[in-house]
Amino acid sequence: MTREALTYLTEHSRVANFFNTFSDATRIYICSYDDTGRMINNFTGNDKEREVLHRYITDDMLHGLYERLTIDSIEDQILEEVAGGHLKLGAVTLEFEGHCKEVWFFAGLIDGVSGTLPDDLGALTKHLTDKDFLSAVDALREIGDYRISSELSLAQYEEKSRRSLFSANEMAESLKRVQAFSEILKYLDSDKSIESVMTDFLRITSEYLEISQADIFKIKERRGTDMMDILASYMIEGEESVFDRVTDIPRFSFLEGKKTIILSTGSTLLDNVAETMQDSDIRAVVAMPITIGQTTNMYAVYVENRRDRSWQISELQFLSDAVRVLQNILDKRVQKNSLVSSYASLEQVLEHVGCAIIVNDVVKKETLFSNKTMLSLFPEGTVGEELSDIIWEKESQTQSVIEYYDYDRDSWYEIHHSNISWVDGRPVALYAIYDVTDKKVYQRKIEQQAYTDFLTGLLNRLCCERDLARIIDESKKHNSMGALLYIDLDDFKHINDGLGHQYGDVLLKDISAGMKSVKGIEDNCYRMGGDEFVIIIPPRSFPRYDEIVDNIKGIFAKPFYLKDGEYYCTMSMGIVTFPDEGENVEELVRKADIAMYSAKKSGKNRVAKFNSGSLSESGKRLDMEKNMRAATNNGFDEFVIYYQPIVDITLDGGTCTGAEALIRWNSRELGFISPADFIPLAEYLGLINPIGDHVLKEACKACKYWNDHGHPEYKVNVNLSVVQLMQDDIVENVRKTVEESGIKPSNLTLEVTESLAINDMNRMKVIMADIRALGVRIALDDFGTGYSSLNNIREIPFDVIKVDQSFVRELEGDEYHRAFIRMIGELARALGADICIEGIERKQQYDILIDMNVRIAQGYFFDKPMTRDDFDAKYIG
C-alpha cells in the first residue's frame with residue numbers, strides 16, 4: 001500500500017471516529033463526500049438506522065444536494081424537510097482557499113412535529129428538537145472548516161517538510177487541537193453542572209495551551225461597583241493562584257465590552273495594563289469575552305506567569321473557536337434552565353387555577369401532569385371508564401366543552417379541552433375539569449322558575465312547547481293518540497276592567513286550580529298568557545278524553561265568587577288531536593287556536609274541534625285581519641257609516657227624528673263584509689277603539705249638518721262597544737268629539753247593551769253619570785236579553801230603553817211579548833225615560849205599537865240603513 005493511500009485511510013478512519021463521537025453527543029446522523037463526489041463516510045449509527053435513513057434519504061437526493069452545493073457557488077448550506085417534516089436533512093460545503101474539499105450531510109429525527117410519525121422512523125434511536133439540530137449543524141460546520149483548514153495547512157507543511165526536511169511536529173499539533181476540540185464538544189449535551197463544565201473547559205484548553213492559570217470571571221452587575229468574581233478556575237499542578245480570593249476581586253482594567261485582549265511578553269502596554277500585570281506577576285495574558293444572548297459580562301482569561309510567552313495565531317484561533325463552543329453550551333443551559341423555570345412556574349399556576357387539570361401527550365398517550373385538585377377529585381385508579389374515554393378518545397378532542405355526569409358521585413362536571421404546545425414544544429391536550437354540581441342544582445331551580453307562571457302556578461308557554469314536543473314524540477313512538485286543548489276566556493276583559501285587576505287575578509287563579517284538579521291532566525296545564533290556557537291530554541290519559549273535556553266545561557258552569565258576589569265566566573275551547581292532525585308544536589298550537597276562534601265566532605261558550613275546513617276559515621280570518629289593519633292605517637276610507645232612520649210613530653204616521661249610525665266595511669280586497677264577521681275580530685285585535693272613535697266623529701258631524709239644515713230636532717244614536725266603554729278616557733273622548741263637531745250634546749245618544757251596563761254596576765253608574773253630565777243621552781240597548789233585575793234598572797242612569805227586536809218578531813200572535821212591551825213602556829214613563837222598539841218590519845207590528853202608546857221605533861218597515869248621501873237626499877232635502 002502506498003504512503004498516500006495509507007494516509008488517506010488513516011485520516012478518514014480518524015474522521016469516522018470523530019463523526020461517531022459527535023453523533024452520539026448531538027443526536028444527529030452524519031455522512032461525508034469528497035471533492036470528487038465519492039462517499040467518504042456513510043451515515044453514523046447502526047445498520048438498521050442506516051437502512052431507514054437511506055429509505056428516506058436516497059443516493060439521488062444526496063447527489064442532487066451535492067451538485068447544488070458544488071456547482072452553484074451561491075449556496076454553501078442547504079436545509080430540507082423529509083417524511084413530512086419528521087426528518088430534517090442538512091448539507092454544508094467545507095472549503096479551503098475558495099475550493100470545495102468536502103461536503104458533509106446531517107440528518108436528524110425532529111421532536112414535536114405534528115402528524116403521525118411513520119412506524120419505521122421509530123428505529124432511529126437519536127432524536128432532538130429543531131433548535132438543537134440547527135445548533136449542532138452550526139457547531140459541526142465550524143469544526144469542519146477548522147479541520148479542513150488545519151489539515152490542508154498540515155498537508156502543505158508536510159509537502160514543505162519533504163522538500164525542506166521540516167519537522168512533522170505541526171501534524172501532531174493539529175491532531176492535538178482536534179482532540180481537544182472534540183473533547184470540548186462532548187459538553188454540548190452534558191448534564192454536568194455549569195460550574196463543572198466551565199472548570200473542565202478551562203482544564204482542556206489550558207492543557208492544550210500548556211498555560212499556568214486560567215479563570216472565567218463575571219463582572220459585578222451592581223451599579224457603582226468595579227469588582228469581579230471567579231466562576232471557574234484552573235491552575236497547573238504546583239502553581240498557586242495569583243488571586244487571594246474568588247469574589248469581589250478588583251476588576252482588570254482591560255476587561256471591558258466585547259474586546260479580545262492579547263498581550264504577549266514584551267508587548268507595548270498602557271500604563272494601567274502594565275501596572276495590573278506587574279502587580280499580579282503576569283507575563284502574558286489572553287482575555288476573550290463570553291457573550292450570552294446580548295449580554296457580555298463574562299471573560300475567559302488565560303495567564304502565563306512562569307515564563308515569557310508569545311501567542312501564536314493557531315493558538316488564538318483555537319481559543320476563539322473553543323470560546324464560541326462554550327457560549328453555545330451556556331446558551332443551551334440558559335434555555336434549559338429557562339424551560340425548567342417555565343415548567344415550575346406553569347405548575348404553580350395550574351395548581352391554583354381553581355379546577356382539576358390534566359395534561360396528556362397526544363402522541364405517546366401518557367399523562368404529563370395532574371394537579372392536586374385532579375388527584376383529590378379522582379385519585380389514581382378512580383377515573384371512571386366514561387371520563388377516561390372523554391379525555392382520551394379522539395372524538396372528544398373536536399369539542400371544546402363537554403358536560404359529564406358521574407352517577408357514582410351524583411356530580412356534574414364541565415370539561416374544557418384545548419390543544420396546546422407544552423413547555424418543551426410537544427403537542428398536548430389540556431383538560432380543565434370543573435365541578436358544576438351546585439351550578440346544575442341552581443340551574444334546575446331557575447329552569448323551574450322559568451317554566452312556571454308566577455301568578456297561577458301553572459306551567460308557562462315555554463314549558464308547554466318543550467313538553468308538547470316530547471309528548472308528540474312519545475305518541476309517534478308508541479303509535480298512540482293525544483290532544484291539545486286551547487282555551488280562551490270569554491269577555492274576561494269585562495271582569496278584569498270592571499271589578500279591577502286584582503279580582504281578575506283571583507279569577508285566573510281559581511280557574512287554574514280547577515284545571516289542575518282534573519284527573520289525567522294534573523301536570524299538563526299551561527297558561528299561555530293573559531286569559532289563554534293550553535291543556536295537553538297525553539296518550540296515557542287519552543282514553544278519558546271525553547271525561548276530561550266535560551270536567552273542564554264543568555269548571556265554567558258554576559259561578560265564581562268575586563268581590564262579594566257571584567260572577568259567571570265562560571270559555572271558548574279549540575281541540576286538535578295528534579299526531580294525526582300534526583307532528584310539530586307550532587302546527588298543533590296554530591290549529592288549536594283556529595278551532596278556538598271558530599268556537600268564539602259561533603257565539604262563545606263553546607267547544608270546537610279542528611277540521612280541515614277550519615284552515616280555509618283561518619285563511620279568511622288572516623286575510624280579514626291583514627286588510628282590517630291596512631284599512632285602519634289608511635284613514636278608515638274603507639269603512640262606511642250607514643244611517644237607519646228612527647221615527648216618531650205618533651206624528652203623521654211616522655216622522656223621522658234622527659238615525660242610528662251603523663258601520664259597514666267595504667274592503668277593496670275582500671268586498672262587502674258583514675258587521676257580524678268583522679266586529680268580533682276588531683274587538684279581538686284591539687282595533688275596535690280607533691274604528692269606534694271614527695264612527696262617533698263622523699256621526700256627530702252628520703247630525704250637526706242635519707241640525708244646521710232645517711232639522712234641529714234630529715238626533716243620532718251611536719253604539720259603544722264593550723272595549724270602548726271600558727277605556728279610562730271614554731268620557732274625555734266623548735266631550736272632545738262633541739266640542740270639535742259642534743253638535744248639541746242632547747242630540748247625541750250613546751247606546752250601551754244591558755248586559756254591559758249591569759256587569760260592573762258601580763263603575764257603569766259613574767261613567768254613565770259623567771257622560772250624561774256632558775248633556776249626552778244614554779240608551780239601554782237590547783233590553784230584555786240580559787238578566788238584570790228591576791232594582792238594577794232603577795240604579796242605571798239612562799234616557800232611553802231600546803227593546804230588543806226578539807220581542808217584536810212574535811208580536812202579532814204572542815200575548816206575552818205584547819204584555820212585556822206594555823210593562824216596559826209603563827216602566828219607562830215611571831223612570832222618566834223614552835222607549836224605542838227595534839225591528840219593526842210589518843204593518844201589523846206597527847199598528848199594535850200605536851195602540852200601546854209607543855212613540856219611537858225603527859225597522860225596515862220605516863226604512864233600511866242607507867249611506868249618508870242617500871239619507872241626506874231623502875230626509876234632509
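The values are calculated or read from the model by the stated rules, or taken from the named source; none is laboratory data. These figures come from a predicted structure and were not determined experimentally. Quick reminder, even Gly has a Cβ in these numbers, built from the backbone with ideal geometry, and neighbours come from all protein chains shown. Ligands, DNA and RNA are excluded from the accessible area calculation, which covers all protein heavy atoms including side chains. Shrake-Rupley method; radii C 1.70, N 1.55, O 1.52, S 1.80 Å.
Applying 0.36 nm per residue to the separation of residue 622 and residue 295 and subtracting their alpha-carbon distance, the gain on full extension is 109.4 nm. Listed by chain and number, the lysines whose alpha-carbon sits under 29 Å from that of residue 259, ignoring those within fewer than 8 places in the same chain, are 131, 176, 186, 218, 220, 332, 336. Label-point separation (nm) for residue 307 and residue 58, each offset 7 Å from Cα along Cα-to-Cβ? With each label placed 7 Å out from Cα toward Cβ, I get 6.1 nm.
Relative to the compact-globule estimate of 2.2 N^0.38 Å, the Cα radius of gyration of segment 492-548 comes out at 1.32. Remark: accessible surface ordering of 802, 604, 220 (largest first) is 604, 220, 802, probe radius 1.4 Å.
Given contacts defined as C-alpha pairs under 8 Å and at least six residues apart, what's the relative contact order of the chain, whole-number percent?
5 percent
Checking every one of the chymotrypsin sites (Phe, Trp or Tyr not before Pro) in segment 444-498 against DSSP loop status and a limit of 14 other Cβ atoms within 10 Å picks out 454. Our compactness index for the chain, the C-alpha radius of gyration over the empirical 2.2 N^0.38 Å, is 1.89.
3J(HN,Hα) couplings calculated from phi for segment 808-824 with the Karplus curve 6.51 cos²θ - 1.76 cosθ + 1.60 (θ = phi - 60°) are, in sequence order, 9, 4, 9, 4, 5, x, 10, 5, 4, 5, 5, 5, 4, 5, 4, 4, 5 Hz; Gly and Pro show x. Sequentially through segment 113-124, phi angles give Karplus couplings (6.51, -1.76, 1.60; θ = phi - 60°) of 8, 5, x, 7, 6, x, 4, 5, 5, x, 6, 7 Hz, Gly and Pro residues having no value and appearing as x. In this label model, residue 117 and residue 247 are separated by 4.5 nm, measuring between points 7 Å along each Cα→Cβ vector. Give me the base-10 log of I(q)/I(0) for segment 393-509 at each q in 0.13, 0.15, 0.23 Å⁻¹, Debye formula, one uniform scatterer per Cα, rounded to two decimals. These q points yield log10 I(q)/I(0) values of -0.84, -0.95, -1.21.
Placing +1 on the Cβ of every Lys and Arg and -1 on the Cβ of every Asp and Glu, with nothing else charged, gives the chain a dipole about its Cα centre of roughly 1640 debye. For the chain, with all protein chains in place and a probe radius of 1.4 Å, 49% of the accessible heavy-atom surface sits on carbon or sulfur.
Cross-link partners of residue 620 among lysines, defined as those whose alpha carbon lies under 21 angstrom from its own and excluding same-chain residues fewer than eight positions apart: 591, 600, 601, 604, 609. Lysine pair count for segment 416-553 with Cα-Cα distance under 22 Å and sequence separation of 8 or more or different chains is 7. Compactness ratio for segment 638-689: Cα radius of gyration over 2.2 N^0.38 Å (N = residue count) comes to 1.55.
Taking amide H as placed 1.01 Å from N in the peptide plane, residue 95 has its amide H under 5 Å from the amide H of 101, each at least 5 places away in sequence or on another chain. Once the Cβ-Cβ distance of residue 867 and residue 410 is raised to the sixth power relative to R0 = 60 Å, the FRET efficiency obtained is 0.15. With the simple spin-label model, which puts each label point 7 Å out from Cα in the Cβ direction, the residue 20 to residue 740 separation comes to 11.2 nm.
Helix 761-773 and the longest principal axis of the Cα set of the chain meet at an angle near 70°.
Once the C-beta distance of residue 262 and residue 130 is scaled by a Förster radius of 25 Å, the resulting FRET efficiency is 0.10 to the nearest 0.05.
Tell me, what are the semi-axes, in whole angstrom and largest first, of the equivalent ellipsoid of segment 522-663 as set by the roots of 5 times the Cα gyration tensor eigenvalues?
Square roots of five times the eigenvalues give 41, 24, 14 Å.
In straight-distance terms, cross-link reach from residue 704 covers every one of the lysines whose alpha-carbon lies under 16 Å from its own, apart from those fewer than eight places away in the same chain; here that gives 715, 736, 744. Computed from Cα atoms, the angle from the helix 194-209 axis to the main principal axis of the chain rounds to 30 degrees. Using a probe of 1.4 Å on the protein chains alone, the accessible area found for residue 129 is around 50 Å².
Near the amide H of residue 459, within less than 5 Å, lie the amide hydrogens of 453, 525, 527, all on another chain or at least 5 residues away, with H placed in the peptide plane.
Under 5 Å from the amide H of residue 834 lie the amide H atoms of 800, 801, each residue being 5 or more positions distant or on a separate chain, with H modelled from the backbone and absent for Pro and chain starts.
In the full protein context, the chain carries 49 Å² of accessible surface per residue, based on a 1.4 Å probe and ignoring ligands, DNA and RNA.
Phi-derived couplings, Karplus 6.51 cos²θ - 1.76 cosθ + 1.60 at θ = phi - 60°, listed residue by residue for segment 255-266: 8, 7, x, 9, 7, 8, 9, 10, 10, 9, 4, x Hz, with x used for Gly and Pro.
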